[in-house]
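Engineer: So that we are looking at the same thing, I have put the structure below in structure tokens.
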Amino acid sequence: MADKLRIPKLKTAEEINRVVRRVVRELMKGDMDPKRANAIVYALKLAKELIEVGELEERIRRLEEIVNTNGRINYEVKN
């Protein structure tokens, strides 16, 4: 088994999804040990959750900033 997966710096959930697909391909070809694949996918899952939580925190922060600045939320109706 070659088992030489290089993982780039991951900044988005989509980048993590691409790496997970690569790991699955390597596993299905028999080029990666199943235990290593499991460990990598588990770590990627945690990294994805951290990214998603960070994105949600940022969205909440921006919404709170809008509310605190205006004292209320302005709703725009677009047709």
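Engineer: Return, for the Cα atoms of the stretch 13-70, the radius of gyration and Dmax in Å, separated by a comma.
Structural biologist: Just the Cα atoms of the stretch 13-70 yield Rg and Dmax of 17.2, 58 Å.
Engineer: When I51, I7 are ordered from fewest to most other Cβ atoms inside 10 Å of their Cβ, what list results?
Structural biologist: Taking fewest neighbouring Cβ atoms as first place, the list is I7, I51.
Engineer: Here's a follow-up. Test of understanding: what is the full-extension gain from N17 to E64, defined as 0.36 nm times their sequence separation minus their Cα-Cα distance?
Structural biologist: Stretched out fully, the N17 to E64 stretch lengthens by 13.9 nm.
No lab work stands behind these numbers, since they all come straight from the coordinates. Note that the coordinates shown come from a computational prediction; the quantities given were computed from them, not determined experimentally. When we count neighbours, we look across all protein chains shown, and the Cβ atoms used for this are built from the backbone with ideal geometry, even at glycine.
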